[in-house]
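The values are calculated or read from the model by the stated rules, or taken from the named source; none is laboratory data. The structure presented is a predicted model; accordingly, all values stated were derived computationally and were not measured. Quick reminder, even Gly has a Cβ in these numbers, built from the backbone with ideal geometry, and neighbours come from all protein chains shown. Accessible surface is based on the protein model in full, side chains and every heavy atom, while ligands, DNA and RNA are left aside. Shrake-Rupley method; radii C 1.70, N 1.55, O 1.52, S 1.80 Å.
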Amino acid sequence: MAKPIDPADEFFNDAWLDRRQLLLGAAAAGGGLLSAIAACPALANEKRGGVLRYGFGDTNAGEQMDPATVQNGASIELMHVIFEPLVRRGKDWKFSPWLAESYELDRDKNIWTFHLRKGVKFHDGSPLTAKDVIYSLGRLVDEKVGASLRSRLKGSFNAGSLEAVDEHTVRIHMLRRDTMLDQPLSRYNTGIIKAGTVPTADPKTAIGTGPFKIKSFEPGQSWQVERFAGYWQPGVPLLDGIQCINIPDQSAKVQSVISGAVDLIDPVDSVLVKQLAANPKVRVEPLPSAMSWCIFLDQKVKPFDDVRVRRAIKLAVDRKLILDTVYQGLGVITPDVPLPPGDPMFPTDLGDGAQDIPGAKKLLAEAGFPNGLEFTLYTSPILPGMVDLAVTFAESVKAAGIRVTVNQWPAATYWDQVWIKYPTYVDYNYRRNAHDALDLVFAKGTPYADGVNFDQDGKLREFIDKALVESDPAKQVEMYKDALRRVALESGVIIPCFLSRNFTLNKNARGELFKWEMPISYYLLSKDA
């Protein structure tokens, strides 16, 4: 059994305990919480029971439980265990049915049909029906809801496009050809909620079909879920529950998993990852090329409104230095392409983005900055590498005459006050397919694109929408490559490398993780994983 959280442990400071004593007090008094955390065939002794304790660093006070509008923080992990989508993304970006038992696209009629699983229940005991699916999908394209996926989906269907053929069959009559609709419908934002409900920060409002149901939720601090006895997969989950608790300090988070005070932690600095990989008390589980850390420059603001300046900054970056110094080589360099090398739509002719100081100086001089330029880059110590990325970036571009002052913003207000609002900032993105990566961050019409303002004339939006409906697969690939080349060369987003997400587990947390490229919370739940 894993060691329970002990309030006497020195690495838990008073502030941490004050915020969580109500949630964790009973757990600490109850002895070892974890007997077996994994639920998969590879586990020799599938012992039921135990509570997984998850130490998480990325939280904010604005978290809520509506999958349609969740943006960041620990509430994203929560979405994966209390709500479920129609489709799941699996290994090698293969997509398969989930709440939909099967689905197909009629290319001639341009209709997607989803056949729902029978016997699926919501946490309140009511059955999942086509009515719930239509309600949930309709919210995603409703402008009043403000779903982050609306810009991606609104051209493909609207509320009037959704048809309940019967209680367990849903048809989507497409407004345009969209052969990739199953991909965005696999995202956590598309979790199916009960018709007529609107999840808020109140646990009573979050009614899903997932393997766990919500027990408590304190935005920015903690959440707790318990096993849903009526879950549609027999024998799943093995766990009694999961406790997710915010541990903002990296040292405290690392010590907590080493000691067994928590069973699992989200990623920490790469230097610490290498140290943890050699520690016999824990094991590190990587998810390769899962995310990228980016530097955003708003091109509505001078001097970033000049493409020559943006290009000069990109040429001045030493990507290898960033990968080796900040991330200890645990990733792969990319020349500002929002896909990792190896993706079938990655434009390989761009090279690896090698540093070119003479080229950067030449462009700056042409743009009217013969003596270089200076600006402030905002970052925050919320997550591993955020500050180190900014500092190393600033150091790497000095030789081109680019002087960058790094401003460390307080972690408590960074996402609310700086992110998307300031002209420069550090942010991260998870890996997506080509269309969704371009749609979410670069193309006009999505709130995230406001943080870079690349597609002010809407031409990129128009182009990728044409690529989406292209019937010739080879031509479609080339169209997306063209769009990716454009944002890599011209946008104000600097993507030095794609990185593994490295999660650390205590040695007593047995079982297999990361068989599929999905968030860590899922791998601990399903016998079929």
- request: Would you work out the relative contact order for the range 284-344, in percent, from Cα pairs under 8 angstrom that are 6 or more residues apart?
  value: 25 percent
query: Probe 1.4 Å, all protein chains in place: accessible area of residue 168 in Å², nearest 10?
result: 40 Å²
field: Spin-label zone in the range 238-259 - amide nitrogen under 14 Å from a point set 7 Å from the Cα of residue 281 along the C-beta vector
entry: 251-259
query: For the range 420-480, what mean projected area does the convex hull of the alpha carbons give, in nm²?
result: 4.5 nm²
- prompt: What does the accessible area of residue 479 come to, in Å² to the nearest 10, when a probe of 1.4 Å is used?
  reply: 30 Å²
query: So for the pair residue 366, residue 93, with labels modelled 7 Å out along Cα→Cβ, what separation do we get in nm?
result: 3.2 nm
- line: Taking GluC sites (Glu not before Pro) in a DSSP loop with at most 10 other Cβ atoms within 10 angstrom as exposed, one finds the longest site-free stretch of the chain at 144-529
message: So if I place +1 on the C-beta of Lys and Arg and -1 on the C-beta of Asp and Glu, and nothing else carries charge, what would the dipole magnitude of the range 107-206 be about its Cα centre? I want it in debye, nearest 20.
response: 220 debye
task: Give me the orientation-averaged projected area of the Cα convex hull of the range 65-195, in nm², one decimal.
output: 7.9 nm²
statement: Low-density loop trypsin sites (Lys or Arg not before Pro), the range 80-131, at most 15 other Cβ within 10 Å, DSSP non-H/G/I/E/B, are 94, 107, 109, 118
field: Solvent-accessible area of residue 162 with every protein chain in place, 1.4 Å probe, in Å² to the nearest 10
entry: 20 Å²
task: Mind grabbing the base-10 log of I(q)/I(0) for the range 280-375 at q = 0.11, 0.15, 0.22, 0.23 Å⁻¹? Debye formula, identical points on the C-alpha positions, no solvent, two decimal places.
output: -0.42, -0.72, -1.21, -1.26
message: Give me the base-10 log of I(q)/I(0) for the range 339-466 at each q in 0.13, 0.18, 0.19 Å⁻¹, Debye formula, one uniform scatterer per Cα, rounded to two decimals.
response: -0.74, -1.29, -1.33
task: Starting from the Cα of residue 204, step 7 Å toward the Cβ, then list every residue of the range 214-249 with an amide N under 20 Å from that point.
output: 214-219, 223-226
For the chain: relative contact order, % (alpha-carbon pairs under 8 angstrom, 6 or more apart): 21 percent
- prompt: What are the ³J(HN,Hα) values, in whole Hz, obtained from phi via the Karplus relation 6.51 cos²θ - 1.76 cosθ + 1.60 with θ = phi - 60°, for each residue of the range 314-324 in sequence order, with x given for Gly and Pro?
  reply: 4, 5, 7, 6, 9, 5, 5, 4, 5, 4, 6
task: Any chance you could run the full-extension gain for residue 477 through residue 271? It's 0.36 nm times the residue separation minus the Cα-Cα distance, nm to one decimal.
output: 70.4 nm
- line: With x for Gly and Pro, the residue-by-residue ³J(HN,Hα) of the range 132-137, computed from phi through the Karplus equation 6.51 cos²θ - 1.76 cosθ + 1.60 at θ = phi - 60° and given in whole Hz, is 5, 5, 4, 4, 5, 5
Calculated FRET value between residue 118 and residue 226, using beta carbons and R₀ = 25 Å, to 0.05: 0.50
- prompt: Using a 1.4 angstrom probe with every protein chain in place, what is the largest-first accessible-area order of 222, 251?
  reply: 251, 222
- line: Between the modelled labels at residue 395 and residue 300 (7 Å from Cα along Cα→Cβ) the distance in nm is 3.5 nm
query: Between residue 428 and residue 102, what FRET efficiency comes out of the Förster formula 1/(1 + (r/R0)^6) with R0 = 35 Å and r the beta carbon distance, rounded to 0.05?
result: 0.50
task: Using only the alpha carbons of the range 128-242, determine the length spanned along each of the three principal axes and report them from longest to shortest in whole angstroms.
output: 44, 33, 25
- line: Volume per residue (Å³) of the convex hull spanned by the alpha carbons of the range 393-516 is 181 Å³
message: What number results when the radius of gyration of the range 207-286, computed over Cα atoms, is divided by 2.2 N^0.38 Å?
response: 1.32
message: In whole Å, what are the extents of the chain along the principal axes defined by its C-alpha atoms, from largest to smallest?
response: 67, 63, 38
Efficiency of FRET from Cβ geometry, residue 408 and residue 216, R₀ 35 Å, rounded to 0.05: 0.65
